[in-house]
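What follows is a short report on a single structure.
The values are calculated or read from the model by the stated rules, or taken from the named source; none is laboratory data. Here the structure is a predicted model, which means the values were calculated and not measured. Glycine also receives a Cβ, built like all others from the backbone with ideal geometry; neighbour counts cover every protein chain displayed. Quick note on the areas: whole protein, heavy atoms, side chains included, nothing else; ligands and nucleic acids left out. Shrake-Rupley method; radii C 1.70, N 1.55, O 1.52, S 1.80 Å.
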Amino acid sequence: PVASSMITTLFMAMITHRFTKLSLVLAGLLLPASARATGSASLPDLTGGAIGWLAVAVFVVAYAVVISEEFTELRKSKPVIVAAGVIWVLVAIAYAGQGRADEAATLLRHNLLEYAEIMLFLLSAMTFINTLEERSVFKALRAWMVSSGFTLRTIYWLAGALAFVISPFADNLTTALIMASVVLAVGGDNKKFVAVSCISIVVGANAGGAFSPFGDITTLMVWQKGVVKAEEFLALFLPALVNWLVPAALMAFAVPAGKPAVVAEHAAVKRGGYVVIALFLLTIALTVALHHYLHLPPFLGMMTGLGILKVYGYFIRRHEVETEPEIEVSSAPEGFKPAVKPFDIFISMKRVEWDTLMFFYGVVLCVGGLGALGYLAAMSQSLYGDLGATTANVLIGVASAVIDNIPIMYAVLNMNPDMSLGQWLLVTLTAGVGGSLLSIGSAAGVGLMGQARGTYTFFSHLKWTWAIALGYAASIWVHLLINAKLF
């Protein structure tokens, strides 16, 4: 529509103008310390020296390798782990030159503690999700949708809505892959249907994770840092819903009418699957309660829940071994793995996304090292001091369409700008949903490009970026409107 086109043009013009201004600001970060305001008084400003420049160069090169993962097939965790080691060696050398050698080790341990808390939290959550998958919970959901006889338009809306509903509890990649498998099974060779459905799923999964501390690593970091309480994330529900609904409604006109051929598929939830769902929800409740009332770090509740899951897994395994002895591991021929194994919780732990956890380790240490050199303090002044909080937070979301939102959000949290709750919620929202603007902007988009290769592509997503941008702008407007009292 003409009106939508005009709004999109104005929005993109505003973004282009802001990016031009932002690029000039960021360029100033590499100027010597004497040419700009200094950062934190407690940390030395080493941004103007050779070591500071070298540390930035190491990070930029490492991240360039991360971005090229799709072509090089080099897992993203590898370059950032190496970069983290190099950057902290440079930090130690720089601090030793300032007569503050012991401070470098103290800062490093502080960064490691932050990583360890979030890593244990994610390890627990991912193990729960993998266990639900092993118990065929997601497979049963897929079978119901595929064999239900719904129309293409119903499947389109249902897949996007379920992505939005599930992602607050499961990671956006797992959610997107489950929903996309339904779309592919139903859509078949209907490329138009599959493409727009995948876009809706990606946007829905990213939006759903934005209003829950369990929905994304970025929201988890914000919650664990203590700047937003668990119940305060709910203020983002309506803005997040608008973020998905606007592009979903616009793309719905492109969904072909008609019914697909019914696919007969049946999958039953394995023994204990529903109990695992209940344990997961109880673990979330326990985590929130311990953090809210006793001020204990969230990882403790999640790890306690993981321990309970392990104990329950013991009884599942005992039952399967006793009632179905033919699935014992020892029954497989030597040198071969059995086709079916009794339940083993450690297999669920082994299947955790270790590349993501190790990537997060590298990011935390890289960004922490640059912060120790003074770059985060300088960037905080340039972004939040010069541009203002609202503009900076909107641009951070747009930047997350190209740069992973994990280092962006971690950098913001370490800058720790003086912002109201409304602004912290705004940056949480934009960092969470900004990645939907491009297919490469989130793990969900990248995963679906591989799953629906040749149908859901970078350019098929780019075709609808204008609609996603309208949703992005609308979600920000709704947040500023309904949560005005929080600013």
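Structural remarks
- Checklist (1) in a helix (DSSP H, G or I); (2) at pLDDT below 90 applied to PRO256, failing item: (1)
- Of the residues making up region 239-277, those that are more than 26 Å from VAL183 (Cβ to Cβ) and open to solvent by 70 Å² or more (accessible area, probe 1.4 Å) number 1.
- Checklist (1) of a type outside the set (Lys, Arg); (2) under 25 Å from MET349 (Cβ atoms); (3) touching a His at 6+ places or on another chain (Cβ under 9 Å) applied to LEU306, failing item: (3)
- Within region 134-177, the residues that satisfy the criterion of being under 28 Å from GLY432 (Cβ atoms) and either touching a strand residue (DSSP E or B) at 6+ places or on another chain (Cβ under 9 Å) or not in a helix (DSSP H, G or I) (or both) are SER167, PRO168, PHE169, ALA170, ASP171.
- Selection within region 50-104 - more than 28 Å from GLU353 (Cβ to Cβ), crowded, with 17+ Cβ neighbours inside 10 Å and not hydrophobic (A, V, I, L, M, F, W, C): GLY52, TYR95, GLU103
- Residue within region 302-319 that is within 22 Å of the chain's Cα centre (by Cα), hydrophobic (A, V, I, L, M, F, W, C) and at pLDDT below 95 present: yes
- Within the option set ALA444, ALA401, being in a loop (DSSP other than H, G, I, E, B), open to solvent by less than 30 Å² (accessible area, probe 1.4 Å) and under 30 Å from GLY368 (Cβ atoms) holds for one residue only, ALA401.
- In region 430-439, the count of residues that are more than 20 Å from LEU220 (Cβ to Cβ) and at pLDDT below 85 is zero.
- Looking across VAL86, VAL66, VAL80, one residue alone is in a helix (DSSP H, G or I), of a type outside the set (Asp, Glu), touching a helix residue (DSSP H, G or I) at 6+ places or on another chain (Cβ under 7 Å) and modelled with pLDDT of 95 or more. It is VAL86.
- Residues of region 447-479 that are open to solvent by 50 Å² or more (accessible area, probe 1.4 Å), assigned to a helix (DSSP H, G or I) and over 24 Å from THR356 (Cβ atoms): PHE459, LEU462, TRP466, TRP477.
- For GLY188: the one exception among (1) open to solvent by 30 Å² or more (accessible area, probe 1.4 Å); (2) free of Cβ contacts under 8 Å to residues at least 60 places away in the same chain: (2)
- Flag for LEU296 being assigned to a helix (DSSP H, G or I) and either under 17 Å from ALA170 (Cβ atoms) or open to solvent by 50 Å² or more (accessible area, probe 1.4 Å) (or both): no
- Residue among LEU395, LEU373, LEU365 that is touching a Leu at 6+ places or on another chain (Cβ under 6 Å), within 21 Å of ILE67 (Cα to Cα) and open to solvent by less than 20 Å² (accessible area, probe 1.4 Å): LEU395
- Here the condition is being surrounded by fewer than 24 Cβ atoms within 10 Å (Cβ to Cβ), assigned to a helix (DSSP H, G or I) and in contact (Cβ under 8 Å) with a residue 24 or more places away in the chain; of ALA431, ALA411, it holds for ALA411 alone.
- Of all residues in region 126-149, those satisfying the criterion of being under 26 Å from TYR361 (Cβ atoms) and open to solvent by less than 20 Å² (accessible area, probe 1.4 Å) are THR127, PHE128, ILE129, ASN130, THR131, LEU132.
- Qualifying residues in region 321-360 (those that are outside any helix (DSSP H, G or I) and open to solvent by less than 30 Å² (accessible area, probe 1.4 Å)) - the one modelled with the lowest pLDDT: ALA332
- Test: PHE214 is touching a residue at least 12 places away in the same chain (Cβ under 8 Å) and either within 22 Å of ILE129 (Cα to Cα) or in contact with a Gly (Cβ under 7 Å, 6 or more places away or on another chain) (or both): yes
- Sole exception among (1) touching an Asp or Glu at 6+ places or on another chain (Cβ under 8 Å); (2) open to solvent by less than 10 Å² (accessible area, probe 1.4 Å); (3) not charged (D, E, K, R) for LEU421, by number: (2)
- Filter result (of a type in the set (A, V, I, L, M), closer than 17 Å to ASP404 by Cα and touching a residue at least 24 places away in the same chain (Cβ under 8 Å)) within region 68-105: VAL80, ILE81, ALA83, ALA84
- Residue in region 93-102 that is in contact with a Lys or Arg (Cβ under 7 Å, 6 or more places away or on another chain) and at pLDDT 75 or above present: no
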